[in-house]
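The values are calculated or read from the model by the stated rules, or taken from the named source; none is laboratory data. In this text the structure is predicted, and so the values were computed from the model without any measurement. When we count neighbours, we look across all protein chains shown, and the Cβ atoms used for this are built from the backbone with ideal geometry, even at glycine.
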Amino acid sequence: MKNNLLYQLLPALFLLIALPSSAQHKKKWKQLFNGKNLNGWMVKIRGHELNDNYGNTFRVEDGVIKVSYDQYTSFDRDFGHIFYKKPYAHYLFAVEYRFTGDQAPGGPGWAFRNSGIMLHCQPPATMLRDQDFPISIEVQLLGGGPTGERSTCNLCTPGTNVEMNGKLITNHCVNSSSKTFRGDQWVRAEVLVLGDSIIKHIVNGDTVLVYNRPQIGNGEVNDYDPAVKKDGQLLSSGYISLQSESHPVEFRKVEIMDLEKYYRKRKTKR
């Protein structure tokens, strides 16, 4: 069985070794955010229909995507996600983000300076009206408080599981090895996603978490369509989304390096 797993992961391992440094290949990055508007993006907020951008939660101001709550009376589990228009399977994805201001009244304590990058998401049109999170793999973005340590680019699993070192991980969240980022400093988060094999979290150039075999499972997600949640099914592709969880956050860069052709080429050469 171990040999079978290694055989399945070989194309991904070769790509990990061969993939050039992103800093040396800036021309290959595709900008998913044009700096002007949200063209190409779809909004889904709990309790609202697809593309109802309740409270103007997601907006573009001063050349950045802002997640804001100034039009909310109170945050009542109004968890939201903004999805890019097309799915991806093998790619390097990056955002530059920072937390700002105060958390919206009514936001849960765990959502203080909390947002996320959702990978391999179910299609947004398949989310039910009151579903809180898409079935997906979450790269959890966290900001530190005045004291204490709080890593970023952790793993969370809404309706999913992953494997690490050959073992199924059923914990809802797993901390990364990153340092704590406080205040309103900008942080660059990158994620290398190789289909249903390897996922790698990177913070300011440092690898902080690696796992494999993302799959639908028993992770925390509510009010979903049971027909969509097929436990045990490997996640080889899906949509990418960014979260709104009650704390203002800004994204000044959202970009992707599509590795599909490169991955397929290396796979056929095995």
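Values as computed for the structure displayed
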| read-out | value |
| --- | --- |
| Strands (runs of 3 or more DSSP E) lying entirely in region 35-127 (those with 1 or more residues that are closer than 17 Å to E138 by Cα) | 41-45, 80-84, 90-99, 114-121 |
| Qualifying residue in region 80-97 (condition: farther than 30 Å from K261 by Cα, in contact (Cβ under 8 Å) with a residue 12 or more places away in the chain, surrounded by fewer than 21 Cβ atoms within 10 Å (Cβ to Cβ) and not polar (S, T, N, Q)) | no |
| Top-ranked residue in region 203-215 [being crowded, with 19+ Cβ neighbours inside 10 Å and hydrophobic (A, V, I, L, M, F, W, C); ranked as nearest to N161 (Cα to Cα)] | L209 |
| Residues that are farther than 14 Å from S136 by Cβ, surrounded by fewer than 20 Cβ atoms within 10 Å (Cβ to Cβ) and of a type in the set (A, V, I, L, M), drawn from region 216-255 | A227 |
| Filter result for E163 (in a strand (DSSP E or B), in contact with a strand residue (DSSP E or B) (Cβ under 8 Å, 6 or more places away or on another chain), touching a residue at least 60 places away in the same chain (Cβ under 8 Å) and charged (D, E, K, R)) | no |
| Of residues in region 256-266 being at pLDDT below 95 and surrounded by 15 or more Cβ atoms within 10 Å (Cβ to Cβ), the one nearest to E163 (Cα to Cα) | Y263 |
| Qualifying positions in region 171-195 - surrounded by fewer than 17 Cβ atoms within 10 Å (Cβ to Cβ) and of a type in the set (A, V, I, L, M, F, W, C) | C173, V174, W186 |
| Count of residues meeting criterion [loosely packed, with under 13 Cβ neighbours inside 10 Å and at positive phi] in region 122-170 | 3 |
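Okay, residues lined up against (1) not in a loop (DSSP other than H, G, I, E, B); (2) not polar (S, T, N, Q):
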residue	(1), (2)
E190	yes, yes
V210	yes, yes
R213	yes, yes
D225	no, yes
S236	no, no
L242	yes, yes
R264	yes, yes
